[in-house]
Amino acid sequence: MSDKAIVKEYSNGEVTIIWKPESCIHSTVCWKKTTGLPNVFQPNTKPWIKPEGATTAEIIRQVDKCPSGALSYRLKDEQKEMLQSNVVETLPNGPLLVYGNLTVKHAGSEEIKESKVTAFCRCGASSNKPYCDGTHVQINFSD
């Protein structure tokens, strides 16, 4: 991630959805009719996140499913809760997912604090290393 990473926030007054476009791997989990909340996440409109389209509880459940951590949330008057344990999961033909609190040390001693889910590239083709950018799908990466 760059020093000037874009972070956008969308709120319904109870929950604020935080979106980091550079972290998004375009899994479509958030907006597909079968897996997501298409009344909230609408990639073909601007703004693409409409938090008034669902209840706060529905939004939280959906954001928790984001495989890259590009989506997170903050409840009104609360700091985002940090996960207490770390879990590493290898997605078949995809990224390495790390759930939990971690510090990613980049070249030049830059450190980025991550929480929730971070997707790391396994295919070697990401243009946003060490993070996954979804290129594994384009190059047909397989285990």
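Comparison of E58, E22 shows that the only residue that is surrounded by 13 or more Cβ atoms within 10 Å (Cβ to Cβ), over 24 Å from K76 (Cβ atoms) and among the charged types (D, E, K, R) is E22. If I ask for residues that are under 14 Å from C24 (Cβ atoms), in a loop (DSSP other than H, G, I, E, B) and modelled with pLDDT under 90, which ones from the stretch 92-143 would you list? Within the stretch 92-143, K116, N128 meet the criteria. Among the residues making up the stretch 37-47, a single one is out of contact with any helix residue (DSSP H, G or I) (no Cβ under 6 Å at 6 or more places or on another chain) and surrounded by 18 or more Cβ atoms within 10 Å (Cβ to Cβ): F41. Name the single residue that is surrounded by the fewest Cβ atoms within 10 Å (Cβ to Cβ) among those in the stretch 106-143 being polar (S, T, N, Q) and under 19 Å from the mean Cα position of the chain (by Cα). Checking each candidate, the answer is S127.
For beta carbons closer than 8 Å, sequence separation of 6+ or different chains, a first residue in the stretch 90-105 that is farther than 15 Å from P130 by Cα and surrounded by 14 or more Cβ atoms within 10 Å (Cβ to Cβ) and a second that is among the β-branched types (V, I, T) and at pLDDT 90 or above, there are no qualifying pairs. Of the residues in the stretch 26-44, at least one is touching a residue at least 12 places away in the same chain (Cβ under 8 Å), within 22 Å of I112 (Cβ to Cβ) and not in a strand (DSSP E or B).
Would you confirm whether any residue within the stretch 64-87 is of a type outside the set (D, E, K, R), in a helix (DSSP H, G or I) and either closer than 24 Å to Y10 by Cβ or touching a residue at least 40 places away in the same chain (Cβ under 8 Å) (or both)? Scanning the stretch 64-87, I find no residue that is of a type outside the set (D, E, K, R), in a helix (DSSP H, G or I) and either closer than 24 Å to Y10 by Cβ or touching a residue at least 40 places away in the same chain (Cβ under 8 Å) (or both), so the answer is no. Kindly check whether there is at least one residue in the stretch 66-83 that is over 23 Å from T16 (Cβ atoms) and surrounded by 15 or more Cβ atoms within 10 Å (Cβ to Cβ). Looking for residues that are over 23 Å from T16 (Cβ atoms) and surrounded by 15 or more Cβ atoms within 10 Å (Cβ to Cβ), one finds none in the stretch 66-83, hence no.
The values are calculated or read from the model by the stated rules, or taken from the named source; none is laboratory data. Everything numeric here is computed off the predicted structure, so don't read it as measured data. Please note: Cβ atoms are built from the backbone with ideal geometry, for glycine as well, and neighbour counts cover all protein chains shown.
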